[in-house]
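The numbers here are math on the coordinates, done by the rules we state, and not lab data. Keep in mind it's a predicted model, so treat the numbers as computed, not measured. Heads up, the Cβs are rebuilt from the backbone with ideal geometry, glycines too, and the neighbour counts pull from every protein chain shown.
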Amino acid sequence: MAQQPSEFKPSISNHDRLSDQGHLVYPVFSRRSGGLSLGINLNTDRGCNFDCVYCQVDRSAPPPPLKPSIEQIEAELRGWLDKLAQEEGNDHALRDISLAGDGEPTSVKILSEVFRLLLDLKREYQLDETKLVLFTNGSGIDRKDLASLWPELYAANFEVWFKLDYWDQDSLVRINRTRLNFERLTEKLIEFGQTYPVILQSCFFRWQQEAFDCAKYQPYVQLVQSLLEQGTKIEKIQAYTLARKPTEDEAEPWSNAEMDQLASLLRSTLKQPVELFYETGTEE
Ligand code: SF4
């Protein structure tokens with residue numbers, strides 16, 4: 001059974017299956033946010049316009065017959081927030097509420113309504129310290145119905161964690177297996193990032209037993225440098241490798257030592273802070 005607010009025991013949750021059981025909101029201890037998060041899965045159909053080789057969403061089984069609605073999201077969020085408010089004083093401070101489900105949230109029509117709901121609940125429950133986080137591949141970051149919401153969201157402790165694992169059209173196709181255009185995606189990142197700060201989330205991993213070679217990631221560094229030169233406000237880079245088994249067997253984590261080498265490359269050439277997430281933990 002999925003956890004209910006009434007039987008809350010924080011743990012590393014397997015949120016992939018909660019939507020199978022009719023839930024849209026799931027609790028998780030996130031290594032990247034460093035504490036308790038509530039995640040919202042808007043992509044119960046597991047739809048994504050990327051098909052990353054390292055994706056952990058199992059699309060082999062049919063998705064649950066569950067369509068996200070604003071009413072259900074509100075009811076589930078209130079259940080968790082009421083429970084957490086009752087337990088105030090314990091170690092379960094809510095670090096963030098994140099939109100990070102089984103696909104791309106910016107492709108979901110009700111996203112703007114969800115943002116409005118989150119802003120309202122944040123005020124009502126006085127969650128000043130709780131971040132709102134959007135995980136995105138950036139494909140819909142230019143949606144017109146979202147544009148007017150960004151200032152209010154950013155004033156309410158909001159972060160956009162922007163996926164960037166690629167550095168040209170070829171790597172985008174190879175790693176993220178999408179038909180989307182590299183130039184257009186990076187244009188969207190630049191256009192958004194010139195006004196609003198973003199956190200880059202970049203997954204680095206071994207593919208088909210290739211040998212580790214730091215030089216291979218030089219074009220990634222050059223792309224980030226070019227984004228910065230064009231005025232993209234990159235707050236920090238989160239470089240991570242695989243922590244859980246992806247659906248493709250040929251994708252494997254780099255070792256801690258290999259990730260250290262990669263971090264040295266990034267830190268020696270980029271001024272932005274680089275947070276490193278190993279296979280099994282975090283380097284602060
Ligand atoms: S963007 Fe995220 S959900 Fe979509 S395929 Fe990639 S890892 Fe999976």
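Absence of a disulfide-compatible partner, taken as no other cysteine beta carbon within less than 4.7 angstrom, is noted in the chain for CYS48, CYS203, CYS214. Remark: for residue pairs LYS67/LYS236; LYS131/LYS216; LYS216/LYS236, the C-alpha separation exceeds 27 Å in LYS67/LYS236; LYS131/LYS216. Short-range pairs are left out: with C-alpha atoms under 8 Å and at least six residues apart, the relative contact order of the stretch 193-240 is 74 percent.
Taking amide H positions as modeled 1.01 Å from N, with prolines and chain starts lacking one, the residues under 5 Å from ARG206 and 5 or more places away or on another chain are GLU252, TRP254. Starting from the alpha-carbon convex hull of the chain, give the projected area averaged over all orientations, in nm². Mean projected area for the chain: 14.5 nm², to one decimal.
Mean sequence separation of contacting Cα pairs (under 8 Å, at least six apart), scaled by the length of the chain, corresponds to a relative contact order of 16 percent.
Straight Cα distances below 19 angstrom link LYS188 to the aspartates and glutamates GLU104, ASP142, ASP145, GLU159, ASP165, ASP168, ASP170, GLU229, GLU235, with same-chain residues fewer than 8 positions distant left out. DSSP finds beta bridges in the chain, and of those with both partners inside it, around 30 percent are antiparallel.
Computed extension length for GLN72-GLN225: 50.8 nm, one decimal, from 0.36 nm per residue of separation with the Cα-Cα distance subtracted.
Note that the stretch 171-180 has calculated 3J(HN,Hα) couplings of 5, 4, 5, 6, 8, 9, 6, 10, 8, 5 Hz, one per residue in order, obtained from phi through the Karplus relation 6.51 cos²θ - 1.76 cosθ + 1.60 (θ = phi - 60°); glycine and proline are x.
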